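In what follows, a structure is listed as structure tokens, so that the remarks can point back to it.
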Amino acid sequence: MTLRFQFSLRTLLVGTTLFAAVCACFSCFRESYLVQLRAVESVLAEFPEIDRVWLCTNDDLSLEVEGLWFSTVDQPKAVYGIDYGIDGASKSEIRRRLRQVLLERRPVGLPARANYRLR
């Protein structure tokens, strides 16, 4: 007794298309959010004076890191931040902007949209 499975060409094409769509969604999520989050975390590791970190992501499907707020070890109550402009930025650009904010030391308020805490 042998079992035979018969699939039509249409079923095979629909199944392949669905599989490709799921893989594409996973790839987009990984590339646009997790890679950028790892880049931000690696740059933050270079600054031991940064204590707590809050991030803001945009609401569309790309989930890029939009804003970055942090407190420092020597001033834990003061919050400093980069409000916009780091989505899609390179590590060197994020590093430059962090150095600039640390030199200026102008406290800002923590917005309600800062919803993701790293440390």
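Here is how the numbers come out for the structure above:
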quantity: Förster radius 41 Å - calculated FRET efficiency between THR17 and GLU41, Cβ distance, rounded to 0.05; calculated: 0.70
quantity: Spacing of the two label points (7 Å from each Cα toward its C-beta) at LYS77 and VAL108, in nm; calculated: 2.2 nm
quantity: Integer Hz, Karplus 6.51/-1.76/1.60 couplings in order for segment 66-80, x for Gly and Pro; calculated: 8, x, 9, 10, 8, 10, 9, 5, 7, 9, x, 8, 7, 10, 10
quantity: Total formal charge among the other residues, if their Cβ is under 13 angstrom from that of PRO111, Lys/Arg +1 and Asp/Glu -1; calculated: -1
quantity: ARG97 paired with ALA24, simple spin-label distance in nm, labels 7 Å along Cα-to-beta-carbon; calculated: 3.0 nm
quantity: For the chain, calculated [θ]222 nm from helices alone, where every DSSP H run of n ≥ 4 adds -39500 (n - 2.57); calculated: -12500 deg cm²/dmol
quantity: Point-charge dipole on Cβ atoms (K/R +1, D/E -1) for the chain, about Cα centre, debye to 20; calculated: 260 debye
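Readers should treat all values here as calculations from the given coordinates under stated rules, not as data from a laboratory. This one's a predicted model, so the numbers in the text were calculated from it and none came from an experiment. Glycine gets a Cβ as well: all are built from the backbone with ideal geometry, and neighbour counts include every protein chain shown.
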